[in-house]
1. Cα atoms only: what Rg and Dmax, in Å, come out for segment 9-113?
2. Arrange Leu12, Leu81, Leu76 by Cβ neighbour counts within 10 Å, fewest through most, would you?
3. Dipole of segment 9-113 (Lys/Arg Cβ +1, Asp/Glu Cβ -1, origin at the Cα centre): which of Tyr73, Tyr92, Ile21 lies farthest to the positive side?
4. Sorted by average packing, counted as other Cβ atoms within 10 angstrom per residue and highest first, what order do 64-75, 84-95, 30-41 take?
5. Quick check for me: using +1 on Lys/Arg Cβ and -1 on Asp/Glu Cβ, what's the dipole size of segment 9-113 about its Cα centre, in debye to the nearest 20?
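Please treat every number below as a calculation from the coordinates, not as lab data. None of the values given here were measured: they were computed from a predicted structure. Because the Cβ atoms are built from the backbone with ideal geometry, glycine has one as well, and the counts that use them run over all protein chains shown.
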Amino acid sequence: MRMAKYANPGALRTPVKFIRITRTNDADGYPTETEVDVFGQPVMCKWVNVHGNEVFTAMQMQLREPATLTTRYSSLINQKLLIYKDDDPDPYEVISLDDIDERHVWLEIKVQRATEAV
């Protein structure tokens, strides 16, 4: 029997913002981008930076500052969102999402530092 992954609610100590980029054209036809906070407030999560052997795997995959977040499940979270940790001005991008055991209770999110092209 497999042990389910989860986060102790007390481990949800790191505030993050989930940001959706909306691209439109202004009145003159020029493209504009607007950042929209999906939840309107920070969401608490467990944030774990890679360490140990994961560092070497991340280097081989050319990942930039990878980390794993565990938070409560929400259908609003998807791979197109940017994630801002605490007051860090530079966003992270989603690498993968895992609805743990497909129970819609916990969500594990693998992230890396976003590139300038996002």
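1. That works out to 15.3, 52 Å for Rg and Dmax.
2. Working: Leu12 17, Leu81 21, Leu76 11.
Result, fewest neighbours first: Leu76, Leu12, Leu81.
3. Positive-end residue among those listed: Tyr73.
4. Values: 64-75: 16.6, 84-95: 14.5, 30-41: 10.4.
Peptide ranking by packing, descending: 64-75, 84-95, 30-41.
5. Result for segment 9-113 is approximately 260 debye, rounded to the nearest 20.
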